[in-house]
Amino acid sequence: QVQLVESGGGLVQPGGSLTLPCDYLVSMVGDVFMGWFRQAPGLARERVASISNGGYKDMAKSVTGGFTISRDNAKKIMYLQMDSLKPEDTGVYFCNVRGRLRWGDPEVDYWGQGTEVTVSS
């Protein structure tokens with residue numbers, strides 16, 4: 001069972017900050033990777049950040065130094081802290097989880113509905 005619900009999007013000025021929470025309900029076996037993706041108008045969806053079961057974090061080069069991913073397993077919330085935002089960070093941000101529901105199943109990607117972020121003055 002997988003449920004992902006993003007929130008926190010909105011309009012922010014360049015240089016500003018925004019935090020996106022993703023409430024998650026995930027019941028999977030084995031390695032589970034969670035992360036954030038974004039999709040700008042007219043462009044393909046791209047990975048922003050990911051975090052593993054063990055807490056290993058990986059950030060896309062385009063956001064390194066400005067964005068941080070974290071996870072509160074007790075509250076079942078994953079966060080994307082975005083600082084020093086730029087207009088090119090505009091897009092719809094999606095919460096993602098990749099894993100398998102049962103042993104022997106293939107790994108599958110699950111997505112939230114997305115939350116829109118606009119960086120503009």
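Restricting attention to region 52-76 and to residues that are modelled with pLDDT under 95 and among the β-branched types (Val, Ile, Thr), the residue that is least open to solvent (accessible area, probe 1.4 Å) turns out to be Val63. For region 8-46, a tally of residues being surrounded by fewer than 15 Cβ atoms within 10 Å (Cβ to Cβ) and closer than 17 Å to Ser70 by Cβ returns 2.
Of the residues Gly42, Gly15, Gly8, the single one that is at positive phi and either assigned to a strand (DSSP E or B) or modelled with pLDDT under 95 (or both) is Gly42. With the condition kept exactly as written, say whether any residue in region 102-117 is more than 14 Å from the chain's Cα centre (by Cα) and touching a residue at least 60 places away in the same chain (Cβ under 8 Å). Yes, region 102-117 has at least one match.
There is at least one residue in region 86-99 that is open to solvent by 80 Å² or more (accessible area, probe 1.4 Å) and assigned to a strand (DSSP E or B). Taking the conditions exactly as written (over 14 Å from the mean Cα position of the chain (by Cα), assigned to a strand (DSSP E or B) and either at negative phi or touching a residue at least 40 places away in the same chain (Cβ under 8 Å) (or both)), does Leu25 satisfy them or not? Answer is yes for this residue.
The values are calculated or read from the model by the stated rules, or taken from the named source; none is laboratory data. Every value quoted in this text rests on a predicted model; they were computed, and no experiment measured them. Reconstructed Cβ throughout: ideal geometry from the backbone, glycine too, with neighbour counts over all protein chains shown. Just the protein is used for accessible areas: all its heavy atoms, side chains included, with ligands, DNA and RNA removed. Shrake-Rupley method; radii C 1.70, N 1.55, O 1.52, S 1.80 Å.
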